[in-house]
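Taking it in order: structure first as structure tokens, then the write-up.
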Amino acid sequence: MLDGLTQWLNSLTRQHVNTSTVLWIERFLLTKQITCGQKVDKAALDDLYQKPEGSEVASQATAETAMGADESQQSVASSCEGDVLSTDCTDGTTPLTTGYNTRTNSKEQMLDVMDEVEEDSGPGPQGSLVLPLSRSRTASELLATRVSCFVELEESERFYRSQNRCLKLIFALYNAMAAHSELVCYFVIILNNMVTASVISLVLPILIFLWAMLSIPRPSKRFWMTAIIYTEVMVVIKYLFQFGFFPWNSYYITSMNKDKPFFAPRILGLEKTENYIKYDLIQLMMLFFHRSLLRRYGLWDHEEKTCTKEKKEKEPEATEEPHAGERPSTDHGAVTTEEASIKPDPEMIVPPTQEGKGTLLRLRRKKRHKERDAGSQELKVKENRRERAKKKLIAIREKTKFLLLTMVQNVYSPIHKFFHDILHTEYRAATDVYSLMFLADVVDFIIIIFGFWAFGKHSAAADIASSLSDDQVPEAFLVMLLIQFSTMVIDRALYLRKTVLGKLIFQIILVFGIHFWMFFILPAVTERMFSQNTVAQLWYFVKCIYFALSAYQIRCGYPTRILGNFLTKKYNHLNLFLFQGFRLVPFLVELRAVMDWVCTDTTLSLSNWMCVEDIYANIFIIKCSRETEKKYPQPKGQKKKKIVKYGMGGLIVLFLICIIWFPLLFMSLVRSVVGVVNHPVDVTVTLKLGGYEPLFTMSAQQQSIIPFTQREYDGLTKKFEMRAVAMQFITLYSYEDIVTANIEGNSGSVWGISPPSREQMIKELQRSSADITLRFMWTFQRDLGKGGTVETTQDKHIINLEAGSTIRTELADLLLGQRSDPVCVPNIFPKYIRAPNGPEAKPVQQLYPENEDSYLDVEVQLRTDNQTEWWVIRTKDCPQEECSILPMVIFSDKVSPPSLGFLAGYGIMGLYVSIVLVIGKFVRGFFSEISHSIMFEELPCVDRILKLCHDIFLVRETGELELEEELYAKLIFLYRSPETMIKWTREKE
């Protein structure tokens, strides 16, 4: 068993083990060359493997490099004797694996040793290494063409193969974890979020579904560094908030908010607990483990180096431009203004002949010009200041605008590039995981249905059947159902339209919406923390699987063609069984067909579309049957084997017999095997005269209801051993099924009749000529939690008191106070009562030889004490110590347990009508009207019709709608023409 499990794990991680083995061998060779002091050349790695055909044609530079590598290889072999063996080697597995399913391409997997070699080699012909031609092959192909072996590696492989089974299993488990270390990190992060359920732990799961899983081809170094740094910061913050001096960490506040989901430190993830960072440390450890694997295989810094190189190649030469905030110099303008103010005014220079006459005029002009120049100079200075201030404001605004634009660009550019790479990737391996996503949605739907109680406020003890029967549906439960169903419908529409952008938008909305609902709204509605709601945690985990599949679908893209149902891809019993189950689900086939018609471009009408779907389903079923006949052929003229006849036919006969006799067998088993005894927990008897206030009412509770013992049961059988009818009834019960209810003879309530009613009763007893009824009633009450369908059973025994009878006269005397002795009422108390599962508890007539005349006689007496009256009943001719007790022996029928109550409640006739006849009608449909469908079901070979259906699907997907219409007409003509159908369904030659 251990060997099989180990082989299975190794087969799952074969590609990763092969990749790790190739890198292990190459690292050993390069390290050995460095140790031996030889010049290291990457081209030497080519000689480890046999070159593929067609790789001999290369350039002269490549040949010279290969020759240098051969010399380097020979020098290593000569200086390190016995290291290199020129023998063929087998593919040995080692415990070293890579974390990714990648090809061993030197452009992607760059070893640390190779990086050191590149740094040491420097420029020149020796430093420029040629990419080996054989490196484009996969790791398994390289190992298959390996021609060189090393002694140390062979010894390591032999040492590994010599280990015991348990150690090999541990190595295989490690390989599986290392091969899928990325998924293990995702799982630990999601598990941490499920357990802690806080705001601080909610960030990484959202980043996983909207960043890591959408990254092409794998999550970048930036993501893993973000996850590591965020986890470290989260651990430090949680540690700091564990100190007791914070007020919310006191015992009083913690105890007050023990079960409140929105206690601030709890919802933020800063609550003081014992295991506050246990899962965080596990998460950090897994992140470092994955980081070590990436560094080990050269995938940690690979993307950074590639991006830097491309950026340097594409970076244009920047031209120096003046800064937007710089302003032109205004010094020249200032100097000019000053010089202008110093220069004399030309009007002030006058010729000498006019000097005497115009002295006064010149003085006035000079004064006026000085005032004008001073005002204009002040205005110019103010304008210059305003311009400088305005330019400074413009410069500050430009700088702020440039800073904001830079910040927005730094944020927008990576996000835009990220989503652009998703939607417009150069290489897209289209895949189809819709079936797995649909399966995850179905599982979530089932979890919601059967975990109904987890989505209500106070519905922990309720079930879906009882709540729906009372027309009560919790709001959270309804919202969860609507969310789940609408998700399935929208996902189907996006799948049919093949829109990756719509799927991406839907993924973003769904991730944020589901996390907000599950971690904030649902705890507020149910008043239970998410970490304590197991059903919600299970639902969320399955939804995370759906998110992972959805991200994988977005990253790979939708398939170009969707041909038929995914269950009809193979023709075997499993697919046939699943397809038939799919068709039995109510409205599922119709809903799928209508949605496909709405979301698919077609020329067919809805009825024509349904016709094609029905034909395709029937042809698929016939194809599966024909494949079964080919797999298990039956020679002509040979009778059917007995194993087939008695196996299949015998099972059908047994099934039909069981259905016919099911009600009788079921009720018998319920009564004898699986039935439970549900004794009454309360026995109440009442004696009532006419329509007046009851004379006597008394109840016997559990302490007065005594189970029968074996001795009492033997005494009962001995008492009736001479009567066959009575013994037949008694033997149906064991002593565990019988109890004795000891009813107190004194009434449990005071007789509270009013004086007018009392006088009316006396008059009616003395003077009325009509009969008066004296009724003795009994009521049994059961506990439905133990089984059964009826809680209360009751019945009564009536005696008619005729006019002038002695009993009426004596009762009237008792009421008038003229009589103190008790009144004897004959044949009114039945001692043996049967308590069936139904509503009526009849006396056991088999134990009364004279029917009602065999009932016990009782004595009725009215007692008075300080104007308080009550009635007393006792059996006649009873022993003195037992007269105050009315013994009632109750035979309790076994009832069905609560799990089978829904069937046992119908009874035998109800089961026959509701189950046997319905199943009989269903079975009759398989064996009747077969002749009407012979020409459509007895088809020897349906491959041509199946291909025609596939052609209709194919031309529809390619947009050839006119051809689709023609092929549909051809299919309809085929079913309308029996002769053409016969030709098309002949066996292929």
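Peptides 614-623, 953-962, 752-761 ranked from most to least packed by the mean count of surrounding Cβ atoms within 10 Å: 614-623, 953-962, 752-761. For segment 199-300, the relative contact order works out to 33 percent when only alpha carbon pairs closer than 8 Å and six or more residues apart are counted.
Under the convention that each Lys and Arg Cβ holds +1 and each Asp and Glu Cβ holds -1, the size of the dipole of segment 428-562 around its Cα centre is about 820 debye.
Estimated at the nearest 10 Å², the accessible area of THR980 is 30 Å² with a 1.4 Å probe. Packing around the peptides 13-21, 272-280, taken as the average count of other Cβ atoms within 10 Å per residue, puts them in this order, highest first: 13-21, 272-280. Charge dipole (Cα centre; +1 on Lys/Arg Cβ, -1 on Asp/Glu Cβ; no other charges) of segment 676-895 amounts to roughly 240 debye.
Along segment 537-554 the Karplus relation, 6.51 cos²θ - 1.76 cosθ + 1.60 evaluated at θ = phi - 60°, assigns HN-Hα couplings of 5, 5, 4, 5, 5, 5, 5, 5, 4, 4, 4, 5, 5, 5, 5, 5, 5, 5 Hz to successive residues, with x for each Gly and Pro. Computed 3J(HN,Hα) for segment 559-572, one whole-Hz value per residue from the Karplus formula 6.51 cos²θ - 1.76 cosθ + 1.60 where θ = phi - 60°, is x, 6, 10, 10, 10, x, 7, 5, 7, 9, 6, 10, 10, 9, glycine and proline marked x. Checking the cross-link pairs LYS842/LYS894; LYS623/LYS947; LYS569/LYS970; LYS639/LYS988 against a 18 Å limit on the alpha carbon distance flags LYS569/LYS970; LYS639/LYS988 as lying beyond it. In this structure, the pairs whose alpha-carbon distance is over 28 Å, taken from LYS221/LYS278; LYS417/LYS498; LYS688/LYS719, are LYS688/LYS719. Toward the positive end of the charge dipole of segment 428-562, with +1 on the Cβ of Lys and Arg and -1 on the Cβ of Asp and Glu, the farthest Cα among ALA476, TYR546, LEU504 is that of LEU504.
In terms of the mean number of neighbouring beta-carbon atoms within 10 Å, the peptides 145-156, 245-256 order highest first as 145-156, 245-256. Amide H contacts of ASP783: VAL681, each under 5 Å away and 5 or more positions distant or on a separate chain (H built 1.01 Å from N in the peptide plane; Pro and chain starts excluded).
The values are calculated or read from the model by the stated rules, or taken from the named source; none is laboratory data. Quick caveat, the model's predicted, so the values are computed rather than measured. With ideal geometry, Cβ positions are generated from the backbone for all residues, glycine too; neighbour counts draw on all protein chains shown. Each accessible area value is taken on the protein alone, full model and side chains, heavy atoms only, with ligands, DNA and RNA left out. Shrake-Rupley method; radii C 1.70, N 1.55, O 1.52, S 1.80 Å.
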